[in-house]
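Any read-out appearing in this document is the output of simple, stated calculations on the displayed coordinates, not a laboratory observation. Everything numeric here is computed off the predicted structure, so don't read it as measured data. Here Cβ is always computed from backbone atoms with ideal geometry, including for glycine, and neighbour counts include all displayed protein chains.
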Amino acid sequence: MVQVLTTTHLVIAVLMGLLLNLNRDEWFAALTFGVIIDADHLFALPRYVDDNGWTAIFRPTWDDESGLPWKSLLHYPVGAAIIGPLAVGWRYMIPLTFWAVHVSIDELQNELIAYTNPIEAVMFAGAFAGILFVGYSRWAELREDATFKGYLRHVGSYWSGVFSQGNFFRRGRGDST
Ligand SMILES: [Zn+2]
């Protein structure tokens with residue numbers, strides 16, 4: 001089993017979210033099922049480090065052949081049986097879509113274990129560049145005097161607005177500015 005860095009899942013989920021123009025509820029579902037499902041690795045981490053030592057964290061695969069479970073059901077295709085019903089009624093079936101992308105990326109890494117580091121670096125850089133490109137071009141469209149610096153300031157205040165006062169968990173549609 002292979003560890004894909006959670007940060008890579010995060011940038012990919014954020015890029016998808018931007019392209020789909022998610023609202024706050026949808027962001028919450030997308031990040032929960034596309035990124036936070038990796039929390040299961042964290043629960044298994046203490047046992048793994050106990051058995052293998054801290055340096056084992058740098059192994060490309062965390063499989064120590066102990067046969068002990070690493071990942072919850074949510075990391076296997078069978079997890080679709082749990083996520084599928086939750087996704088009914090969501091635009092783009094968001095929980096299922098973001099979860100499927102997460103599991104597919106993990107699977108892809110599994111297949112390509114020998115090249116896992118370069119591929120992950122490329123995915124990360126590509127998704128990150130995509131986020132900046134999509135975000136900036138949409139933002140700049142509405143402004144005459146757009147600068148990249150101004151855009152970064154805008155992003156900072158957007159996200160602090162999303163996370164402040166529990167807005168992230170509240171129902172509410174499209175007040176993206
Ligand atoms: Zn994962």
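Listing for the model above:
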quantity	calculated
Sequence ranges 37-47, 145-155, ranked by mean other-Cβ count within 10 angstrom, highest first	37-47, 145-155
Neighbour-count order for Phe58, Phe124, fewest beta carbons within 10 angstrom listed first	Phe58, Phe124
Efficiency of FRET between Leu45 and Thr147 - r from beta-carbon atoms, R0 41 angstrom, step 0.05	0.45
Packing-based ranking, highest mean first, of 84-91, 26-33, 15-22 given that Cβ atoms within 10 Å are counted	26-33, 15-22, 84-91
Gain in span if fully extended, Ile36 to Ala56, counting 0.36 nm per residue against the direct Cα distance	4.9 nm
Residues Thr7 and Phe133, FRET efficiency given R0 of 22 Å [Cβ-Cβ distance, rounded to 0.05]	0.75
Most to least packed among 73-80, 97-104 [average Cβ atoms within 10 Å]	97-104, 73-80
